[in-house]
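Input: a single structure, listed below in structure tokens.
The values are calculated or read from the model by the stated rules, or taken from the named source; none is laboratory data. Being a predicted model, the structure only gives us computed values, none of them experimental. Counting neighbours? That spans all protein chains shown, and the Cβs are built from the backbone with ideal geometry, glycine included.
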Amino acid sequence: MEARDVYYSDCNAPWTICRYKDSLIDWDRAMLVLGKIPVGMRQHVAHVILAPGSYAKKKQGIVAETKGPSTAFLSAMSIGVAAHEFSHILDAMIGSRRHGNKKLSDSPKWIQFYQNDTMVPTSYVASTLSNNRTSLVEDFADSGRWAMSNMARARTQASNQPPHARDGSGGDPFSFQNRTMRANLLADYSANWTECQSQITGYRKLLEDLIFPPGGRCTGKAATSDAVNTTTGQRVHGMVGAGKHKLRSVGVAEIVPADWAMEIQFPPYRAST
């Protein structure tokens, strides 16, 4: 396995990508996709692992898996898959910050967003039905996948308009109210998107300002594990990755999740790429 530190212009700390030699995903693809994820979401990701091709074949049908703040991509790495998996990370890490021992998807607010709608975003979410109840964890993550598309499209549209035409009031074109006015951009994806609008706009209400921080730069970084000497088994500080020591040296605050958020195992993602 090879590990690389990857730097992006929006943060002084690197992201560590670990790739097995027979991975089905190449370096260029991984670095490109990770860089397209907004920094406020990306900064909560500790490790990105490009799993062995042999493991991907054994787990046929699974495209990615997430445990705590780390994601392993098996057979594909796309922006949509990354948005789903990294939404899991935010579900636990931001949930632990706001609700103590609860994920965002377990919060009364999210349950209400879910109950307000008559549909869920994708057939994959519907397939997770158990005892007539959708998996709220997967519902949250795929709502995030749709919401990320909506946010990106709305912000691109606002940026491409002259300042005086960006909204009807002359106010901030990126304010939540004005961005939400452009929510019908999702009609390009599905004629029935309004049937799950509460979940999509709810995700945005909970996380959009965090995902797109003011100034467009990271406000912290989830620390990676220190490298391990294969001979002694001891951890070696500073060899690779944005560990605690490196974060301090570059002046980036460490994002520290609750213990349970570090260990939570999310359902493997079996959706299309």
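Quick look at the values:
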{"read-out": "Test: residue in the range 87-96 that is β-branched (Val, Ile, Thr), crowded, with 24+ Cβ neighbours inside 10 Å and within 27 Å of residue 199 (Cα to Cα)", "value": "yes"}
{"read-out": "Filtered residues of the range 105-127 (kept if loosely packed, with under 13 Cβ neighbours inside 10 Å and part of a loop (DSSP other than H, G, I, E, B))", "value": "118"}
{"read-out": "Long-range neighbours under 6 Å by Cβ, at least six apart or interchain, first residue among the charged types (D, E, K, R) within the range 67-83, second not in a loop (DSSP other than H, G, I, E, B)", "value": "67/265"}
{"read-out": "First in the range 1-16 and without any contact (Cβ under 8 Å) to a residue 24 or more places away in the chain, second anywhere and among the basic types (Lys, Arg) and surrounded by 19 or more Cβ atoms within 10 Å (Cβ to Cβ), Cβ under 9 Å, 6 or more apart", "value": "1/19; 2/19"}
{"read-out": "Members of the range 46-67 found to be in contact with a strand residue (DSSP E or B) (Cβ under 6 Å, 6 or more places away or on another chain) and either under 22 Å from residue 252 (Cβ atoms) or part of a loop (DSSP other than H, G, I, E, B) (or both), listed by number", "value": "46, 47, 48, 49, 51, 63"}
{"read-out": "Every residue from the range 21-43 that is surrounded by 23 or more Cβ atoms within 10 Å (Cβ to Cβ) and within 21 Å of residue 209 (Cβ to Cβ)", "value": "42, 43"}
{"read-out": "Hey, residue 68 buried (at least 20 other Cβ atoms within 10 Å of the Cβ), among the small types (Gly, Ala, Ser) and over 17 Å from residue 205 (Cβ atoms) or not", "value": "yes"}
{"read-out": "Given (1) closer than 23 Å to residue 144 by Cβ; (2) out of contact with any helix residue (DSSP H, G or I) (no Cβ under 9 Å at 6 or more places or on another chain); (3) part of a strand (DSSP E or B), index of the condition residue 31 fails", "value": "(3)"}
{"read-out": "Qualifying residues in the range 185-219 (those that are of a type in the set (Ser, Thr, Tyr) and in a helix (DSSP H, G or I)) - the one modelled with the lowest pLDDT", "value": "194"}
{"read-out": "Residue ID - surrounded by the most Cβ atoms within 10 Å (Cβ to Cβ), chosen from residues in the range 228-273 that are in a strand (DSSP E or B) and either modelled with pLDDT of 75 or more or within 24 Å of the chain's Cα centre (by Cα) (or both)", "value": "269"}
{"read-out": "Flag for residue 83 being of a type in the set (A, V, I, L, M, F, W, C), touching a strand residue (DSSP E or B) at 6+ places or on another chain (Cβ under 9 Å) and either crowded, with 18+ Cβ neighbours inside 10 Å or not in a loop (DSSP other than H, G, I, E, B) (or both)", "value": "no"}
